[in-house]
Amino acid sequence: EMYDGERARVGPGLQPEGLQLELFDFQRKDCAFVVARSGSGVFSSMGVGKTAVAIAAGHELLTNQKKVTRNVVIVPPPLRTQWKNEIMRFTGCEEDDIAVIDGNPKKRAAQYEHAHNAQWVVAHYNAVLLGDGKKQLPLLTDGAFLVADEVHRLKDHSTATTKQMQKLAKRAHVRLGLSGTPVENRPGEWFTVLSGFVQPGV
């Protein structure tokens, strides 16, 4: 897997068939690397298109290669609508193909029911700690492509959010962490992000 990943990283990159966005060369290389590995991180500077890489990789894994059951994206609460809009714009999928987990328990129950038939599931970090999230998200993540946006939020191994995300990571088929600031204070933060989420147990 490491060999395949390195070949992908230094190769021409990947422009997924059917993606309605022309990736830059560096994004194509990132996309090829993500698709070749069971777990990876894209830690590029802010504003260079990490979201596009994640969506492109999810499209390739789910639609073209059919290697995953669905794409599950965990994001900070304010970014849910942005992710939904960009998934629709970049992949051409319909709004009904995306389940966004939000609202009161009754709304979330309907959204989780919808999510089992959706191609993309977008939830926020707070949702993984709620009772329905602890029950439903592991089922949705089985065999999925799991993306953690702003994965540096998982740098502290002792928090409930980090522990729950690590459980989800073990159930996913492919994992991807996105961050512009993966290490903010000390090198040990790499360990929690990489060994706890990206490649559980490594």
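Quick check on the stretch 122-131. Is at least one of its residues open to solvent by 60 Å² or more (accessible area, probe 1.4 Å), out of contact with any Leu (no Cβ under 7 Å at 6 or more places or on another chain) and outside any helix (DSSP H, G or I)? Yes, the conditions are met somewhere in the stretch 122-131. Go through the stretch 48-74 and give me each residue that's polar (S, T, N, Q) and outside any strand (DSSP E or B). Across the stretch 48-74, the qualifying residues are THR51, THR63, ASN64, GLN65, THR69. Within the stretch 39-59, how many residues turn out to be polar (S, T, N, Q) and under 12 Å from the mean Cα position of the chain (by Cα)? Selection size over the stretch 39-59: 2. Note on the stretch 24-44: residues that are farther than 21 Å from LEU146 by Cα and either in a loop (DSSP other than H, G, I, E, B) or open to solvent by less than 40 Å² (accessible area, probe 1.4 Å) (or both) total 1. Before we move on, is LYS163 without any contact (Cβ under 8 Å) to a residue 12 or more places away in the chain, surrounded by fewer than 20 Cβ atoms within 10 Å (Cβ to Cβ) and over 13 Å from VAL72 (Cα atoms)? Spelling it out, LYS163 is indeed without any contact (Cβ under 8 Å) to a residue 12 or more places away in the chain, surrounded by fewer than 20 Cβ atoms within 10 Å (Cβ to Cβ) and over 13 Å from VAL72 (Cα atoms). Whether any residue in the stretch 64-73 is open to solvent by 10 Å² or more (accessible area, probe 1.4 Å), in contact (Cβ under 8 Å) with a residue 40 or more places away in the chain and over 27 Å from GLY133 (Cα atoms) is what I want to check. Among the residues of the stretch 64-73, at least one is open to solvent by 10 Å² or more (accessible area, probe 1.4 Å), in contact (Cβ under 8 Å) with a residue 40 or more places away in the chain and over 27 Å from GLY133 (Cα atoms), which makes the answer yes. Within the stretch 105-160, track down each residue that is small (Gly, Ala, Ser) and more than 20 Å from LYS84 (Cβ to Cβ). If the condition is that a residue be small (Gly, Ala, Ser) and more than 20 Å from LYS84 (Cβ to Cβ), then GLY131, GLY143, SER158, ALA160 are the ones that fit. Name the residues in the stretch 170-196 that are assigned to a helix (DSSP H, G or I), open to solvent by less than 60 Å² (accessible area, probe 1.4 Å) and free of Cβ contacts under 8 Å to residues at least 60 places away in the same chain, would you? Within the stretch 170-196, GLY188, GLU189, THR192, SER195, GLY196 meet the criteria. Scanning the stretch 95-105 for residues that are in a loop (DSSP other than H, G, I, E, B) and modelled with pLDDT under 95, which turns out nearest to VAL53 (Cα to Cα)? Once the filter is applied, the top-ranked residue is ASP102. Checking each residue of the stretch 132-145 against the condition of being open to solvent by less than 40 Å² (accessible area, probe 1.4 Å), within 19 Å of VAL42 (Cα to Cα), in contact (Cβ under 8 Å) with a residue 24 or more places away in the chain and in contact with a Ser or Thr (Cβ under 7 Å, 6 or more places away or on another chain) gives at least one match. Being in contact with an Asp or Glu (Cβ under 6 Å, 6 or more places away or on another chain) and over 18 Å from VAL53 (Cβ atoms) holds for only one residue in ARG80, ARG108, and it is ARG108. Criterion applied to ASP97, ASP102, ASP25 was being farther than 25 Å from THR162 by Cα and in contact with a strand residue (DSSP E or B) (Cβ under 8 Å, 6 or more places away or on another chain), and the one residue passing it is ASP97.
Within the stretch 111-121, not a single residue is of a type outside the set (Asp, Glu), touching a residue at least 60 places away in the same chain (Cβ under 8 Å) and open to solvent by 60 Å² or more (accessible area, probe 1.4 Å).
For ILE101, the criteria (1) in contact with a Gly (Cβ under 8 Å, 6 or more places away or on another chain); (2) under 25 Å from PHE33 (Cα atoms) hold in every case but one, which is (2).
The values are calculated or read from the model by the stated rules, or taken from the named source; none is laboratory data. This is a predicted model, so every value here is computed, not measured. Counting neighbours? That spans all protein chains shown, and the Cβs are built from the backbone with ideal geometry, glycine included. Each accessible area value is taken on the protein alone, full model and side chains, heavy atoms only, with ligands, DNA and RNA left out. Shrake-Rupley method; radii C 1.70, N 1.55, O 1.52, S 1.80 Å.
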